[in-house]
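The values are calculated or read from the model by the stated rules, or taken from the named source; none is laboratory data. Keep in mind that what you see is a predicted model, and the values were worked out from it rather than measured. Positions of Cβ are backbone-derived with ideal geometry, glycine not excepted, and every protein chain shown enters the neighbour counts.
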Amino acid sequence: MVTLKQTIKAFSKKHKIIFSAIVCMITFVISIFFLWDDKPGMGIDKLIGDIIITVFCLAVIRVIGIWDGAGFRKKGLGLGLVLGIPFLFIGIGGAIAGNIGVDLKTLIPKAPIIFIIFTLNMFMVGVNEEITFRAFVLNNLLEQDHPTYQGTLKAIFVSAAIFGAMHFTNIFFVPPITLVVQVINATASGVLLATIFVICRNIWSTIIIHMLVDWFALVIGQCFDGGASIIGIEMSLSKGCLLAIAGSTPPLIIAMFLFRKIKIMHPTLPKR
């Protein structure tokens, strides 16, 4: 008799992209009940939602049998963090872009508990999204038995596209043009994060990188009175285009540079 676990595992192998999309849609439905409302400093509800989604994705990873490739190990941590250094500049750049015209000397820090809750939120956002989109989606799409360069690149770009598309869920509290910019930049960042994961196979490194870039990008707007957050600002079409180009180009260029390392790691399919 075929069990439910065996059915799910077989479907996940035969229809990898569809299965990945279904699981991500389930996480979207869960997230609807825990909206962030542009206040991660006060977002206890969002924190709970991220924990639930993380537990759900960990269970899926276990059920379909891809735990060994999910990156829960010590090896590769240092390399992953080094490769992720450029992300810190992206986060800082986001904070600067969101606070153009703001006199930083006039900023007033909020209560320490706000900083603590905000930091916990940023950590759990990193945990939730990295386990969902790298440890699960990317890991599920990667060729497990005989990985090739072409197959690995396909997994990277498909997982990044799903990662970027899922940011449309922010439509509940982000202005339209800002939302499109966020989706474009998230997709580009997803390419680089996926590339780093493929090279180092350590999920902790991408979690830390993800957490830090979000923390730097949002800390001024969420933890200081008088500060602004780039995720909540209204922007013109021209400014949106500029920020999309500025935010997506660096991670894509870095990822393309790192593709050479992946090519060395995996064989290229023979020409037909």
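Overview of results
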{"item": "Subset of region 15-33 [over 23 Å from I51 (Cβ atoms) and either at pLDDT below 90 or among the β-branched types (V, I, T) (or both)]", "result": "I17, I18"}
{"item": "Residue within region 190-212 that is part of a loop (DSSP other than H, G, I, E, B), touching a strand residue (DSSP E or B) at 6+ places or on another chain (Cβ under 9 Å) and not basic (K, R) present", "result": "no"}
{"item": "Region 107-124 - residue that is exposed (fewer than 15 other Cβ atoms within 10 Å of the Cβ) and out of contact with any Asp or Glu (no Cβ under 9 Å at 6 or more places or on another chain) and, of those, nearest to Q182 (Cα to Cα)", "result": "I116"}
{"item": "Filtered residue count, region 166-199, keeping only those that are of a type in the set (G, A, S) and out of contact with any helix residue (DSSP H, G or I) (no Cβ under 8 Å at 6 or more places or on another chain)", "result": "0"}
{"item": "Those residues of region 65-118 which are on the phi > 0 side of the Ramachandran plot and touching a residue at least 40 places away in the same chain (Cβ under 8 Å), in sequence order", "result": "G65, G71, G76"}
{"item": "Considering residues of region 218-272 that are of a type in the set (K, R) and modelled with pLDDT of 85 or more only, the residue nearest to G151 (Cα to Cα)", "result": "K263"}
{"item": "Any hit, region 125-148, residues being modelled with pLDDT of 85 or more, of a type in the set (F, W, Y) and out of contact with any Ser or Thr (no Cβ under 8 Å at 6 or more places or on another chain)", "result": "no"}
{"item": "Test for I207: is it surrounded by 20 or more Cβ atoms within 10 Å (Cβ to Cβ), modelled with pLDDT of 85 or more and touching a helix residue (DSSP H, G or I) at 6+ places or on another chain (Cβ under 6 Å)", "result": "yes"}
{"item": "From the options I48, I100, I90, residue that is over 17 Å from the mean Cα position of the chain (by Cα), at pLDDT below 85 and under 30 Å from G227 (Cα atoms)", "result": "I100"}
{"item": "Scope region 140-161; condition buried (at least 21 other Cβ atoms within 10 Å of the Cβ) and over 10 Å from A194 (Cβ atoms); matching residues", "result": "N140"}
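Quick grid of which residues meet (1) within 25 Å of I184 (Cα to Cα); (2) out of contact with any His (no Cβ under 6 Å at 6 or more places or on another chain); (3) not in a loop (DSSP other than H, G, I, E, B):
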| site | (1), (2), (3) |
| --- | --- |
| T54 | yes, yes, yes |
| C57 | yes, yes, yes |
| V60 | no, yes, yes |
| K75 | no, yes, no |
| G78 | no, yes, yes |
| L88 | yes, yes, yes |
| G93 | yes, yes, yes |
| I100 | yes, yes, no |
